[in-house]
Amino acid sequence: IGPYKGGLRFHPSVNLSIIKFLGFEQIFKNSLTGLPIGGGKGGSDFDPKGKSDNEIMKFCQSFMTELYRHIGPNVDVPAGDIGVGGREIGYLYGQYKRIRNANDQGVLTGKGLTYGGSLARTQATGFGIIYFVEEMLKEAGKTINGQTVVISGAGNVAIYAVKKAQELGAKVVAMCDSSGYIVDEDGIDLPLVQQIKEIERKRIKEYAVRKPSAKYFEGNKGIWTVKADVVIPCATQNEIDLNDAKIIVENGTFAVGEGANMPCTNEAVEYFLEKGVLLAPAKAANAGGVATSALEMSQNSMRLSWTFEEVDEKYDNYKQRVHRKNFYLRNGLQEMGFKYVEKDVKYEMLYVGKKLSSKVYDELMVAYAGPVYHKFRDYQADELID
Ligand code: NDP
C-alpha cells in the first residue's frame, strides 16, 4: 500500500530479533492509520551515549553510505526511534543527498523544518498517546484532567507525552532514563527536563540536583512503585513485567497507555485486563508519529509546507479513525472467540484454544485493520484449524 515506513534505532541492545518485532508491529500500526505506507524498521547496535557530535555525524554518514542503496522516497522511508532524533536524521539526510546528488526530501522523515520537515512531527508521537488515552478515558466517563501520571523515559516520546498531559491538566510526578528515575511531587518541570536531555544531553539525575522538590533513585524498575492514576510507559520494550503490573494495580492505577513499542509483557497485559485496568495498546496509541511522518511525505511529494493547523486537522481525522478501528478490532476478535497472542517475536492467533489455520491467519492479518473481518464469520469450524 506504499513504501516501507518505520524508525531507525541506535542502541547497543539492537539485534535482528528486536528489529523483526518492531517491523512486525509497524506493519499493523501503519495499516491502522489508513495512510498509504507499508511497515519497516532498521537500526544498529551502535551506542550513541557519551559520543561527541562529530562522532555521531561520522557514524551516521557511514551508516547511510550503505543504507542509501536500500531506501528511497518510493521504496523505504526511515524515521527516528530510540537514539535517532532530529540531529541524527539531519546527518543521515546530508549524507544521502551527497551520495545521490538529488533533492529527494521524501527519503527520510523527522527532518528539520528548513529541509523538508513537517510542523508537528517532533511532538506527534507523544501528543498522540495522550490524545488516545484521553479518548479511552472519555469512553469510561473520565478525563486525564486532574489525574496523577507517571511517564517513563525522557526522550522524544516521553517529553511530548508529558507536555500534552500537563496541557490537559494532569500532574506528571515521575520520569526516568536508563540509569534511574526522578520523582517530583510538585509536578515535573518539563523545560528543565528538556534543557538537561535535549540540549545538554546529560543524565536525568541532574534534575534532582537542580530542583530541590525532586528525588533521584538509581535503577529504572522503581519508577513503577510511584503511585499514579495513569501510567504511560514511553521508554522501551518489556519495561513493565507481571511484577511491575501487580504493583501498579495495587497502587490504584486505572489506566495504562503504551507509548513505547510493546512496553508491557504479555503477562502484564493479561494481568491489567483481568483487573479491569483500561489499556491503550501501543500499535494504536503511538501511531501518531508515523501518521504525521506520512503527512511529511505528502508535503515533500507536493513540494508544499502545511501550517501546524493544517497538519493537525489532517492528523485529527486519522486519530478518530485509529481509535474506532482499534475498538472495533479488540471487541470484534473477542466476540468471535479469537485470541491474539504476542510472544517475543512470535505472533499467534488462537481459536477456541487452538492455533488458527495458516490460511485464515494470513487473511485475518491482512484484514487486521479493517472492518472486513466480518467475513470470517462465514468460515466453517473445520476450516479454522489446520
Ligand atoms: P529516545 O531515544 O528519544 O528516548 C528513549 C528514552 O527511554 C531515553 O530517555 C532512554 O534513556 C530511555 N530508556 C531506554 N531504554 C531504557 C530502559 N531499559 N529503561 C529505562 N529507560 C530507558 O527514543 P524515543 O522516545 O523516540 O522512543 C521511545 C519508545 O517509543 C521506543 O519504544 C520507540 O520504539 C517508541 N516509538 C517512538 C516513536 C518516535 O516517533 N520516536 C514512534 C513510535 C514509537 P537513556 O537516555 O538512558 O538511554
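The values are calculated or read from the model by the stated rules, or taken from the named source; none is laboratory data. These numbers come from a predicted model, not from an experiment. A quick note on method: Cβ atoms are made from the backbone with ideal geometry, for glycine too, and the neighbour counts reach across all protein chains shown.
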Tell me yes or no: at least one residue of the stretch 298-305 is under 17 Å from the mean Cα position of the chain (by Cα) and over 25 Å from Tyr181 (Cα atoms). no
Quick one: in the stretch 218-257, which of the residues that are among the charged types (D, E, K, R) and free of Cβ contacts under 8 Å to residues at least 60 places away in the same chain is surrounded by the most Cβ atoms within 10 Å (Cβ to Cβ)? Asp244
If you take the residues of the stretch 278-300 that are assigned to a helix (DSSP H, G or I) and of a type in the set (A, V, I, L, M), which of them is nearest to Ile37 (Cα to Cα)? Ala294
Exactly one of Asn74, Asn54 is in contact with a Pro (Cβ under 6 Å, 6 or more places away or on another chain), at negative phi and at pLDDT 95 or above, and that residue is Asn74
When (1) at pLDDT 95 or above; (2) among the charged types (D, E, K, R); (3) within 19 Å of the chain's Cα centre (by Cα) are applied to Arg121, the one that fails is (1)
Name the single residue that is nearest to the chain's Cα centre (by Cα) among those in the stretch 179-188 being more than 19 Å from Thr236 (Cβ to Cβ) and buried (at least 17 other Cβ atoms within 10 Å of the Cβ). Ile188
Please go through the stretch 178-233 and pick out each residue that is closer than 22 Å to Thr253 by Cα and among the acidic types (Asp, Glu). Asp184, Glu185, Asp186, Asp229
